[in-house]
1. Can you tell me which lysines have their Cα less than 19 Å from the Cα of A:K365? Leave out same-chain residues fewer than eight positions away.
2. Give me the number: length gained by fully extending A:S359 to A:D188, i.e. 0.36 nm times residue separation minus the C-alpha to C-alpha distance, one decimal in nm.
3. Relative to the longest principal Cα axis of chain A, at what angle does helix A:17-33 sit, 0 to 90 degrees, rounded to 10?
4. With springs connecting C-alpha atoms under 10 Å apart, model chain A as a Gaussian network and identify which of A:L241, A:L319, A:L13 has the largest mean-square fluctuation.
5. Grab the alpha carbons of segment A:23-154, take their convex hull, and tell me the volume per residue in Å³.
6. Which net charge results for the neighbourhood of A:F124, defined as the other residues with beta-carbon distances under 9 angstrom from its beta-carbon, given Lys and Arg at +1 and Asp and Glu at -1?
7. Take each of the peptides A:394-400, A:160-166, average the number of other beta-carbon atoms within 10 Å over its residues, and list them starting from the highest.
8. Based only on Cα atoms, what Rg/Rh ratio does segment A:8-65 have, Rh being taken as Kirkwood's radius?
Amino acid sequence: MNFKRPRGTADILPEDQPYWGHVYDVARNVANQFGYRRIDTPIFEDTNLFERGVGNETDIVQKEMYSFEDHGGDSITLRPEGTASVCRAYIENGLHNLPQPVRMYYAAAMFRYERPQAGRVRQFHQFGVEAIGDSSPEVDAEIIELGWKYIADLGIKNVTLRINSLGDSEGREDYISDLEKYFFGVADRLPKIDRDRLNRAPLRVLDSKAKETQALADAAPKSVDYISGEAKEHWDALLVLLDSLEEIYPEFSYKVDHRLVRGLDYYNRTVFEFEPADAGSQGTLIAGGRYDPLMGILGGQETPAIGFAAGLERLILELKKQELPVNSSKGPEIVVVTLGDAGAAGAALASGLRAANVSTVLAPKRSMKAQMRYANSQNAANVVILGDREVATGVASVKSLAEGGGQSEVSLDVTSIAEHVRADGDQ
RNA sequence: GUGGGCGUAGUGUAAUGGUUAACACGCUAGGUUGUGGCCCUGGAGGCGAGGGUUCAAUUCCCUCCGCUCACCCCA
């Protein structure tokens, strides 16, 4: 029986790497543009961190965590998301002593035990950003702008932004109780799955996928009508900032969606999602929001914060769906082809070229035709042909594999060959 | 956890209750003496596993496993 990769994991083969390079490169560039600095946290953490931070009642904690006991008897969990870890690191390393807000990003693997389907796997990757230590709506707008810029810089089109405000804990109780009242009033028209939800997580009835429910949800009480005071001012100010973003980025637009809620416990006020217009069922590309309560929940001092997470697998799916070009990886500058007894000389030449920082690959020791085919298949720029004759005369044949490329005789030494291919490549 | 679809070379497909299971791409060896792509000719490589029906199963039936899509939930 052959070994197979665990369910929900992927081998990212060389041919797919250009896509990954693209999403990582653009993430790094965009983060830098906005002044976000990279943070890496451990791939596993104390299980309690996620139970507390993500919320004990969430599905993530209830049934999706990869948890195990280590040899010391501690309960360890492979991280299912990044925000809790970043906040833990903020508290543990005393980052509140830095000028606030602290802007950080990460790009890393996450783990959730779920049934795989399109756009969802067990080991997946997120690019996430967090702005910690500032409650102003300008920061909300900045995070949203960053998310938008990321998608735009990737080249992805037709993405919509939906946004909502959950308000603060005060207004939320009234809201939820009115919402329950409303849905209980029409419970006989809800599918049974949503009647169950109503008891379990009333907010989630709002974003139900059932058509019958959606119509009822549209007419349900809206959370933005229940927010007041600072939360209300914050929300109004944010909408003004988003309006001005619409002027700066011609493609950018947002839609207030009263049915948008988020699954994680720690969100308050602003929540948002970027989604392709023709999204599949697991189509959310980026999701985020404000999580002012989280620092306190984790035992730190109350610190406002907001962030988002982008699903890299989903972004790549969308890049492919929209058939967007990514830079394909380049082949080596030189493939060394050897004949007869020149094998050792060829290996030495290849090493010398690499030492001189010319990417060089030795062709497999086969017939010349096979070696030439190999060089071609590797997208090599040039081949250096080295047989007994060249070794004897000290002059190698260097051939360009480009369409209509020529062949030259070049003195058989690393410097001459390196100069020759560099001059050639510069043209 | 629940439900649907699907398992034939590395990949994508085809056919068949009965001889060597086909095609394309890919891989590999050649197409005269030391020159790639295009073209031509060879070669290697496969019926997911187990059980049942049958004289005979890749084909029909069952179980399992795997993949996939959807629900739940979420990036």
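1. A:K399
2. Value of the extension gain: 54.6 nm.
3. That works out to roughly 60 degrees.
4. Highest fluctuation of the listed residues: A:L13.
5. Dividing the Cα hull volume of segment A:23-154 by its residue count gives 128 Å³.
6. +3
7. A:160-166, A:394-400
8. 1.11
Read the figures in this text as sums done on the coordinates, not as results from a lab. Quick caveat: nothing in here was measured; it's all calculated off a predicted structure. Cβ sites come from the backbone with ideal geometry, for glycine too, and all protein chains shown count toward neighbours.
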